[in-house]
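Peer 1: Take a look at this one; I'll ask things after.
The values are calculated or read from the model by the stated rules, or taken from the named source; none is laboratory data. Computed from a prediction, not measured in an experiment: that's the story for all the values here. Cβ coordinates were reconstructed from backbone atoms using ideal geometry, including for glycine residues, and neighbour counts include every protein chain displayed. Note: areas computed on protein heavy atoms with side chains; ligands, DNA, RNA excluded. Shrake-Rupley method; radii C 1.70, N 1.55, O 1.52, S 1.80 Å.
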Amino acid sequence: AQRVTQPEKLLSVFKGAPVELKCNYSYSGSPELFWYVQYSRQRLQLLLRHISRESIKGFTADLNKGETSFHLKKPFAQEEDSAMYYCALKENSGYSTLTFGKGTMLLVSP
Amino acid sequence: EPEVTQTPSHQVTQMGQEVILRCVPISNHLYFYWYRQILGQKVEFLVSFYNNEISEKSEIFDDQFSVERPDGSNFTLKIRSTKLEDSAMYFCASSAGVNEKLFFGSGTQLSVL
């Protein structure tokens, strides 16, 4: 069965500091990986997906199949980045079911 | 941007009662989902629905649960005989296609007393 692990419950940084939110997965096939974000009192929304290879709000994530990781990075954190971040995996099987990690709360202090 | 809407935002019920959680997916979407998140735990998949039938369900989605699309706009999750451990935030989501982006609702917080 697939699994997504986010080892940190909370990551606290100062504004302007680099950020890396860790995500590791276990899946025997070739998965699709996502990062979802939930800002305070807002709904869960897609931040980025690995197949898009894009940067959203300064965030990037590279799928490393050797290390089975999909860490989320941003070189200079902003206060408005404070939110709950969830890594999620989708099987490449035709279904769109997502398996989520437990999430990491990112707090960016001024 | 169009949104998935969920009602109510909070639902309190007594153990053993039935509850119906309601969702209005985005109008041109074809795939509908329910996820739930117990406090402090991960978001968990419950069920997906396409073409008026369940396409996939998790182990959590047992006989206590059912889903329905009673008309062209609503998508409901019914929980029969609620248990304390059903207390969670329930999220509805929809997508235009199986490989398309999921749009989530803001959730219904269910509290079973």
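Peer 1: Taking θ as phi - 60°, what are the ³J(HN,Hα) couplings along the range A:39-50 by the Karplus curve (6.51, -1.76, 1.60), each to the nearest whole Hz, with x for Gly and Pro?
Peer 2: With coefficients 6.51, -1.76 and 1.60, one gets 6, 3, 6, 10, 7, 5, 9, 5, 9, 7, 10, 5 Hz.
Peer 1: Could you work out what % of the accessible surface of the range A:3-109 is carbon and sulfur, using a 1.4 angstrom probe and leaving DNA, RNA and ligands out of the count?
Peer 2: Details: 2640 of 5310 Å².
C and S atoms contribute 50 percent here.
Peer 1: In whole angstrom, how far apart do the alpha carbon centroids of the range A:1-28 and the range B:39-113 sit?
Peer 2: 26
Peer 1: Measure off, as a whole percent, the carbon and sulfur share of the 1.4 Å-probe accessible area of chain B, all protein chains present.
Peer 2: 47
Peer 1: From the protein chains alone at 1.4 Å, what is the descending order of accessible area for B:D62, A:D62, B:D86, largest first?
Peer 2: A:D62, B:D62, B:D86
Peer 1: Checking the a/c ratio against 1.5 first, then a/b against b/c, what shape does the Cα gyration tensor give for the protein assembly as shown?
Peer 2: Prolate is the answer for the protein assembly as shown, as a/c is 1.5 or above and a/b outweighs b/c.
Peer 1: Continuing with this model, one more query. Give me the accessible area of B:T5, 1.4 Å probe, in Å² rounded to the nearest 10.
Peer 2: Roughly 70 Å² of B:T5 is accessible to a 1.4 Å probe.
Peer 1: Evaluate the distance, in nm, between pseudo-label points positioned 7 Å from the Cα of A:E80 and of A:D62 along their respective Cα→Cβ axes.
Peer 2: Placing both labels 7 Å along Cα→Cβ, they lie 2.8 nm apart.
Peer 1: So for A:M105, B:M15, what's the accessible-area order with a 1.4 Å probe, most first? Don't skip to the end; give the middle numbers.
Peer 2: Working: A:M105 70, B:M15 115 Å².
If we order A:M105, B:M15 from most to least accessible, we get B:M15, A:M105.
Peer 1: Here is a follow-up. Residues of A:36-43, mean number of Cβ from any other protein chain within 10 Å of their own Cβ, rounded to a whole number?
Peer 2: 3
Peer 1: Determine the per residue accessible area of chain A with all protein chains present and a 1.4 angstrom probe, expressed in square angstrom.
Peer 2: Accessible area per residue, chain A: 51 Å².
Peer 1: To continue, here is another question. Taking the full set of protein chains and a 1.4 angstrom probe, give the accessible area of A:R43 in square angstrom, rounded to the nearest 10.
Peer 2: Probe radius 1.4 Å; accessible area of A:R43 about 50 Å².
Peer 1: Per residue, how much accessible area does the range B:4-113 have with a 1.4 Å probe, in Å²? Can you show the working numbers first?
Peer 2: Values: 5290 Å² over 110 residues.
Computed with neighbouring chains in place, this is 48 Å² per residue.
Peer 1: Ok, one more. Efficiency by 1/(1 + (r/R0)^6): what FRET value for A:S30 and A:T5, r their Cβ-Cβ distance, R0 = 22 Å, to the nearest 0.05?
Peer 2: So the FRET efficiency works out to roughly 0.75.
Peer 1: Right, another one. Just going by the charge dipole of the range B:1-86, with Lys and Arg at +1 and Asp and Glu at -1 on Cβ, which of B:V4, B:F49, B:S81 is farthest out on the positive end?
Peer 2: B:S81
Peer 1: Can you give the FRET efficiency to the nearest 0.05 for A:Q45 and B:S81, using r as the Cβ-Cβ distance and R₀ = 22 Å? All intermediate terms of the calculation are to be shown ahead of the outcome.
Peer 2: On the way: r = 33 Å, r/R0 = 1.52.
Given R0 = 22 Å and the Cβ-Cβ separation, E is 0.05.
Peer 1: Do any residues of the range B:91-113 show a loss of at least 40 square angstrom of accessible area between the isolated chain and the full protein assembly, using a 1.4 Å probe, and if so which?
Peer 2: Going by heavy-atom accessible area, the residues of the range B:91-113 that drop by at least 40 Å² are B:V98, B:N99, B:K101, B:L102, B:F104.
Peer 1: Sticking with this structure for a sec: What nm value, rounded to one decimal, do you get for the distance between B:S111 and B:I20 when each label is placed 7 Å out toward the C-beta?
Peer 2: 2.4
Peer 1: Okay, moving on. Could I have the simple spin-label model distance between B:I38 and A:L107, label points 7 Å from Cα toward Cβ, reported in nm to one decimal?
Peer 2: Label at B:I38, label at A:L107, 2.6 nm between them.
Peer 1: Sort B:L21, B:L84 by heavy-atom solvent-accessible area, probe 1.4 angstrom, most to least.
Peer 2: Values: B:L21 0, B:L84 95 Å².
Final ranking, largest accessible area leading: B:L84, B:L21.
Peer 1: Summing both sides, how much accessible area is buried between B and A? Use a 1.4 Å probe and give Å² to the nearest 100.
Peer 2: Answer for the B-A pair: about 1800 Å² buried.
Peer 1: Under 17 Å from the 7 Å Cα→Cβ point of B:V12, by amide nitrogen: which residues of the range B:95-109?
Peer 2: Flagged as within label range: B:108-109.
Peer 1: What residues does the range B:43-64 have that are buried by at least 20 Å² of accessible area in the full protein assembly compared to the chain on its own, 1.4 angstrom probe?
Peer 2: Correct list: B:V43, B:F45, B:S55, B:E56.
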